[in-house]
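Accompanying notes for the structure given below.
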Amino acid sequence: MLDRIRRHWMLYLLIAPILAYFCAFLFYPMAQGIFLSTQKAGLLGPVGFIGWDNYAKVFSTPAVWQAIWNTLIIAAGITIVGTLLPILPAIALLQITPDWLKRGFQTAIYTPYLLSWVIIVGIWLNTLSPVGLVNSVLEGVGLIDAPINFFADPFWARPMVIGLTVWKDVGFHALIYLAALLSLSPDILEAADIDGANDYKKIRDILLPHLMPMIKVVFLITLLGSLRTFDSAFLMLNGRTADQIRTLAIFTYERGILNFDLGLASAAGVVLLVVSLLISGVAQVVTRTEREN
Amino acid sequence: MLRSPSIRILSYVILLFLAGTMIIPLWTVVATAFSTKFGSLQAGINLWPNPISFEGFDTLFRRLNFVLPFANTLYVTVVGTVAHVLLSALGGYVLIQEDLPGRKIIAGVILLTLTIPTQVILVPLFVVFKQFMLLNTLLSLIVSELVSAFSILLMKTYFEQVPKSMVESARIDGAGHVKLLKDFYLPLALPGVVTVAAFQIVHKYNLFIEPLLFINDPQKITLQIALQSVIQGESSTSTNDFIAPNVTMAAIVVALVPLLIFYPFMQKYLIRGLTVGGVKE
């Protein structure tokens, strides 16, 4: 054993910078966060141990509960719609026959995934502005009397964050589903044809069950990602929508960096980590046991 | 696949609708960008600028500082991607060494990093970057996500597909690890290398949280932050002037150009990468 370790010294040397990096810039900050959450914050940094006081303050601050609630609603919306909706374009892409057209559709629906949130919010600020395309069309056909101010209306705030996130990821998820569908042997669908199954039955009894493992994977990725929503909501945040879409991640940023309340913000960060680990842990156990049955 | 005409029609409707939600807003962005200031303020459905004007671009480049952020982002993207790819390749290479004692522990530590997302540790990250004296440096943006578990695992997946027999003879001839990696694994797993690089280029180009957190020196500002301040109209060009939509949309068009140039070459890898990552699970 010792001999094998000695023989491989070069490999340990190669991996050392990576492990050092993770320690210095991920595990150490995480530990710092837990440390800071037990400290009383002074102007120039932590000034002393105060135990659970920051956590008590976190849970007695109404803004934190509001932020947790916002995070959960937004995450639920993104996860449910973002997991299920892309099944439609994935199955639809299977039907498109000229290859160039199929590739064109793929490119068009995948592109938003590569765009930054700044660009996405910028694009839709233009299209959804009170004098923009969507309002003009809706007014033109008489669906609404006055333009809807999508980005400054508390009612639309959460649907906008959820909708734009789903829109950004729909092509990405659809292509994951499409790859899974393409691994299905055509023989099975042919056999179903011979047995006289109609399209509805083929989708329900063959395509969807075949897709199920991948749906669970996408569900978990989306759930984890949506619980830490920051950029999207941050860029859509303004005086009128703040109470609807200030997520827990945004709360820690505002309190910790802008107001310099390191203790409270770190405690809120730890709460966010624990909540997301718990939820994803439960989700993982649930999807795994289902898979085994 | 499916036979009924109604399903085929429905498929086209779904895809045309989704593609439309991409193409039409993008088209109106371009149309607005090439409008005059007055034209861009008109209500209604403006799908073609009338008259066509470069006023927006002119304001953007002559009166707002948009070149420096571009240069900063280019620097971070190039240096950051090269460093990220090299380190990820090292990680992937070490993880495929089956007889390495402690390989499982190393893999475990790398996987553990996936449970700590940036957004959860924003505040301590700020404190730690301050301790390392990285605040207000472009280096901070290269250091954040210098290497990631996702890229290491992707490299590992591609390296595993390199036939052992090809490497074995070189190993017997006495080739060291660095030589094996440089002359065999990297060239033979080139699609994997390009995939990691492509995702990283997009990621670095789009960085937003990190510059927001680490940088407030106007000389070190990056593209997305500059773009955000144009969109939010914070950096007004002069006291009695305001930023009209044509300038905002011109800024978006300018920020889109590098992606649109890069996209056709990389699309294959970006799509393949996500299916490799997805199918592996």
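Values in this text are rule-based calculations from the coordinates and carry no lab data. Owing to the predicted nature of the structure, the values given are computational and were not obtained by experimental measurement. No Cβ is skipped: glycine too gets one built from the backbone with ideal geometry, and neighbour counts run over all protein chains shown.
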**Q.** At R0 = 35 Å, FRET efficiency that the Cβ-Cβ distance of B:F242 and B:V78 yields, to 0.05
**A.** 0.50
Q.
Between region A:9-33 and region A:78-147, how far is it from one alpha carbon centroid to the other, in angstrom?
A. 41 Å
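What order do you get for B:32-40, B:162-170 when each peptide is scored by the mean count of other beta carbon atoms within 10 Å, highest first? Numbers along the way, then the final one.
Working: B:32-40: 21.8, B:162-170: 11.8.
Top to bottom by mean Cβ count within 10 Å: B:32-40, B:162-170.
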**Q.** Sorted by Cβ density within 10 Å, fewest first, the residues B:R3, B:R272
**A.** B:R3, B:R272
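Per 0.36 nm of contour for each residue apart, how much would the distance between B:K179 and B:L47 grow if the chain were fully extended, relative to their Cα-Cα spacing?
Working: separation 132, 0.36 × 132 = 47.52 nm, distance 5.65 nm.
That works out to 41.9 nm of additional length.
Two decimals, Cα atoms only, Kirkwood Rh: what is Rg/Rh over the protein assembly as shown?
Working: Rg = 25.3 Å, Rh = 25.9 Å.
Checking Rg against Rh, the ratio lands at 0.98.
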Q: Could you work out which residue, out of A:M236, A:M30, A:M214, moves most in a Gaussian network model of chain A, that is, has the largest mean-square fluctuation with Cα springs under 10 Å?
A: A:M30
(Q) Over 31 Å between Cα atoms: which of A:K168/B:K130; A:K102/B:K104; A:K216/B:K156 fall into that group? (A) A:K168/B:K130; A:K102/B:K104
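Which whole number gives the average, over all residues in A:3-15, of C-beta atoms from other chains lying within 10 Å of the residue C-beta?
Rounded to a whole number, the mean comes out at 5.
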Q: Can you tell me the FRET efficiency between B:L86 and A:M10 if r is taken as the Cβ-Cβ distance and R0 is 22 Å, rounded to the nearest 0.05?
A: 0.85
Q. Mind checking the mean number of beta-carbon atoms from other chains within 10 Å of the Cβ atoms in A:250-259?
A. 3
Q: Report the label-to-label distance for A:V286 and B:R62 in nanometres (one decimal), using points 7 Å from each Cα along the Cα→Cβ vector.
A: 5.9 nm
Q: With a point put 7 Å past each Cα toward its Cβ, work out how far A:A24 is from A:L258 in nm, to one decimal.
A: 3.2 nm
(Q) Averaged over its residues, how many other protein chain Cβ atoms are within 10 Å of peptide B:88-95's Cβ atoms? (A) 4
Q: Note down the nm distance, to one decimal, between modelled labels 7 Å out along Cα→Cβ at A:V137 and at A:A191.
A: 4.4 nm
